[in-house]
1. Considering only DSSP beta bridges whose two residues both sit in the chain, what percent are antiparallel, to the nearest 5?
2. Explain nothing, just the number: dipole magnitude of the range 121-197 about its Cα centre with +1 on each Lys and Arg Cβ and -1 on each Asp and Glu Cβ, in debye rounded to the nearest 20.
3. Which far-off residues, 5 or more places away or on another chain, put their amide H under 5 Å from the one on ALA293, with H placed in the peptide plane?
4. D for the range 21-70, whole µm²/s, Stokes-Einstein with Kirkwood Rh over alpha-carbon pairs at 4 °C and 1.567 mPa s: what number?
5. What per residue convex hull volume, in Å³, comes out for the range 685-747 when only alpha-carbon positions are used?
6. So what is the relative contact order for the chain, in percent, with contacts set as C-alpha pairs under 8 Å and at least six apart?
7. Over the range 605-673, what percent of the accessible surface lies on carbon and sulfur atoms, probe 1.4 Å?
8. What number comes out for accessible area per residue over the chain if the probe is 1.4 Å? Units Å², please.
Amino acid sequence: MRFLHLLAALAVLLVPALRAQDDESQFNRSQAERLNKFAKNAFDKGFPRQARLIWLQSIKLYDQDDAVAHKAIGNVKVGASWAPDPTFKYPTADTGTGADGSALFKAYEQLKKDLAGGHRRQAQTWARAGRKDRSEHHYQMVLRWVKDDAEAQKALEHHEIGGVTGTDLEQTLYDRSKAIERAVNEQSSVEYPVETVQAPNEALDVAQVKYVSVKSEHFLLHGDPEQEPFLKQALAWAERTARVTQVAFPWEARIGGEFAYFTSKDTYRQILKANAHQVPDLQWKLEHTSTSAVGTLAIGATESTQILFDAVVRNVAQGHAQFRSDALSEGIGHTFVGMMFNNNRLFAVDLKKQEGTTASEEDREYTSPNFDIWKTLALEMAWKMTGGVPALDLAWCEAATLTNEQRIKSWSFCDYVMRRDPEILRKFDRMILDAKQKKQKQPIEFAENFTKETGVSLVQLDKEWEDFWTEATPVLQAIRNNTPPLMAISKGVEKWLAAFNEARAANHAAPVTWSSQLSTRCYEHANYLKANKGERGVVAEHRQLAELGGNHLGNMFAQMAIVDVDANPANAKKMFERWMLIPGYRDTLVHDFLRSVGIFSEGNVLVMDVVAGLGRPKSKSSGYLCHPWKDATGIPDKVEVALIGPELEALLEKHGRGKQKVVGYPFTIHFGSMVLGDRLSYRCVAQDAKGEKIEGAILMESSTNRRASAPGMVTFYPFDPLPRGQIAVAWSWEVDGQAQSLQTRFATK
């Protein structure tokens with residue numbers, strides 16, 4: 001009888017656990033259905049990128065075999081698993097209205113509360129069943145969806161971290177991330193002395209190239225004499241980066257280095273050939289690289305000023321990290337360039353050129369220099385169940401054959417683990433080198449040894465990497481501090497897009513799409529300007545000051561953003577006519593390299609991202625062009641200097657015309673994201689109807705203000721107002737030693 005009573009008592013205890021366990025699969029199915037329903041609505045309303053992320057969440061978090069979500073993103077069942085359908089093309093452009101976007105954002109915020117509520121009830125049920133492991137899982141999921149749930153925080157025994165709560169590991173991640181972030185913000189505005197020096201270099205002298213040398217406290221840089229001001233700026237960035245790496249890495253490293261960067265790739269090849277005995281795999285490097293080394297001298301071809309800056313930052317970071325494996329060296333270089341500039345334009349091996357329609361939208365994104373796009377790619381990779389790149393695979397990567405996915409993983413993995421514990425990366429690097437020297441590829445043994453060496457498995461680091469990029473906890477959300485794309489959808493955005501495309505059509509340019517992802521920085525800068533109404537004018541509108549609530553990355557974005565603080569859709573046509581007077585703004589209206597834009601408007605403040613969406617034109621026949629275009633009429637004769645700003649003022653001052661209030665209407669040539677060929681070879685010859693030369697000067701894509709210059713644009717500023725009548729303009733330059741030219745003829749008003 002006693003035995004029967006014991007069984008009855010045991011059955012009573014087991015009932016809650018059995019019920020909870022039986023309910024778990026039904027609960028997950030219910031949560032997945034909620035997400036799928038929202039994703040379908042977002043897709044139907046014209047926000048496919050947001051829908052895709054939600055479907056990925058449904059699969060990753062609730063049902064790995066969710067047929068609805070898998071089919072929606074283009075997967076097909078292959079045996080017992082799902083795989084991408086190679087013929088399926090998922091749309092990426094947002095086509096929804098601002099009103100629909102705002103409604104979706106509100107609906108998503110409510111959905112997150114509903115999902116969290118479901119997990120809270122499950123956690124309570126499992127707690128009553130005595131299953132602390134399952135209860136804690138659900139409380140963690142509560143905090144994934146709602147960051148400030150007191151019940152979940154108490155149950156998980158979290159402590160306060162930066163205004164939210166988290167674990168000891170998250171405390172480390174938060175503290176290190178904020179320390180690095182502070183260093184970047186502080187260093188971005190610090191000026192370091194750089195002087196021109198006499199510093200002969202044997203490798204350059206043997207190659208018989210002309211060069212100037214500039215020196216800072218720790219670094220020596222050689223380059224084209226005409227680029228001297230930019231070489232000095234580059235070394236200032238090198239010194240700034242050196243201070244940031246000292247915060248990021250706990251080990252001592254010799255700070256210093258000697259670099260040589262020239263604008264022409266022909267010069268780069270000339271140096272390699274002249275020092276062939278010091279360059280392994282010479283022929284391969286001549287054909288496939290833009291950076292290399294001759295002894296201890298780092299050399300490269302930097303086609304733009306920003307690539308020059310990227311190169312020195314990359315070298316400083318790699319020099320301090322001292323990683324020698326391909327994946328980690330590339331990854332840590334991208335990490336610091338991204339932190340300093342939110343862009344990545346330099347690769348150890350040249351990326352293959354995507355020609356015309358052979359490049360998919362995904363290809364364009366992977367080869368984009370914009371770091372916000374890279375972050376989106378890392379996020380989508382972290383949500384995927386299959387098709388990703390495990391951290392273990394980084395051990396066998398080669399720089400010459402890095403795939404797009406491997407590059408994104410190597411960077412995003414280094415970025416995360418550097419915040420967690422950079423010593424883990426250093427041990428990983430040494431193990432990779434040791435395995436390659438022994439020519440052993442034994443992944444299982446390698447993974448086991450990694451766990452012994454570091455105290456954490458690569459599988460666990462992969463899970464943490466996923467959590468970091470998907471912002472699985474309140475602390476990780478606070479570290480990433482991202483603006484949700486649905487939040488960056490402004491009312492009437494579709495009207496601004498239509499007006500913008502109408503203005504482009506009037507200038508013979510193809511229509512562009514709009515992206516809520518690309519609008520997040522626009523939203524942030526518009527709010528900065530809204531909060532700081534005194535920040536108006538050519539300079540102030542294209543910057544963010546830390547003391548006014550801005551930050552370094554926001555400032556970098558603002559420099560090349562389109563900003564109009566007197567924007568009104570009713571007067572859009574006049575606004576775009578005014579933009580045509582401003583070279584950097586004109587750039588967005590005249591060429592087909594612009595594929596997608598970010599837009600956010602509130603009141604009279606309009607901010608646009610016209611950099612992240614640059615890429616190869618869809619049409620194979622499209623290419624670079626000049627403005628004014630051939631046979632144009634009614635071109636204005638002059639522009640006010642104040643409308644363009646300090647960069648033009650400095651150019652005029654350099655040519656002894658510092659007091660001028662007006663210049664002639666600027667001539668521009670547009671290449672998309674990057675000026676082609678030898679930057680020093682560009683010439684512009686203009687004549688009036690009488691054959692008299694029009695004097696002026698060229699300004700490249702080197703300014704920090706969008707009004708004066710833009711990526712991939714060269715501008716000729718006539719010193720004086722243009723004469724009335726016919727004007728003939730001839731552009732010339734060199735690409736790989738081959739002469740290029742473009743002529744146009746137009747008439748002024």
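1. Working: 59 of 72 bridges.
Antiparallel: roughly 80 percent of the beta bridges in the chain.
2. On the way: 11 positive and 14 negative charges, 150 e Å.
Using only the charged Cβ atoms, the result is roughly 720 debye.
3. ILE299
4. Numbers: Rh = 10.7 Å.
Result for D is 121 µm²/s.
5. Details: hull volume 6.7 nm³, N = 63.
Output value, Cα hull per residue: 107 Å³.
6. Values: 1303 pairs, mean separation 78.9, N = 749.
Once divided by the residue count of the chain, the mean separation gives 11 percent.
7. On the way: 1580 of 3110 Å².
Here it works out to 51 percent.
8. Details: 33300 Å² over 749 residues.
Here the per-residue accessible area is 44 Å².
The values are calculated or read from the model by the stated rules, or taken from the named source; none is laboratory data. Predicted model, so just to flag it, every value in this text is computed and none were measured. Cβ: placed from backbone, ideal geometry, glycine included. Neighbour counts: every protein chain shown. SASA here: full protein model, heavy atoms, side chains in, ligands and nucleic acids out. Shrake-Rupley method; radii C 1.70, N 1.55, O 1.52, S 1.80 Å.
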